[in-house]
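What follows is a set of notes on a single structure, which appears directly below.
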Amino acid sequence: MSDTITQLARPPFRKAERGHVLDRTGSLVIPCDDEILCMLFSEREVEKDGHFLCPKCGRLGQRMVEATASQCGL
Ligand SMILES: [Zn+2]
């Protein structure tokens, strides 16, 4: 079981093929919420637990849509 901090996506982010965005570890980046930009998580780390608890908004989430380049500041 990992804590939320280790589940956060790690900059710098980079664009990959087909609009994917990867973090420093090479994991896909997923947003806490795909409409309101909140926190960005590492899909790879989230999938170890199957869920995440956002430290900013308190949302209990699971793997959702991938973050867009603009959400990652690209
Ligand atoms: Zn959040």
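Details
- Its DSSP H runs of at least 4 residues, each contributing -39,500 (n - 2.57), put the calculated 222 nm mean residue ellipticity of the chain at -3000 deg cm²/dmol, to the nearest 500.
- Nitroxide proxy distance, nm - points 7 Å out along Cα→Cβ at Cys57 and Ala16: 2.4
- Local net charge near Arg44, Cβ-Cβ under 14 Å (Lys/Arg +1, Asp/Glu -1): -2
- Accessible-area composition of the chain, carbon plus sulfur, in percent [1.4 Å probe]: 53
The values are calculated or read from the model by the stated rules, or taken from the named source; none is laboratory data. Please read all numbers here as calculations on a predicted model, not as lab measurements. Glycine gets a Cβ as well: all are built from the backbone with ideal geometry, and neighbour counts include every protein chain shown. In case anyone asks, the SASA skips ligands and DNA or RNA and just uses the protein heavy atoms, side chains included. Shrake-Rupley method; radii C 1.70, N 1.55, O 1.52, S 1.80 Å.
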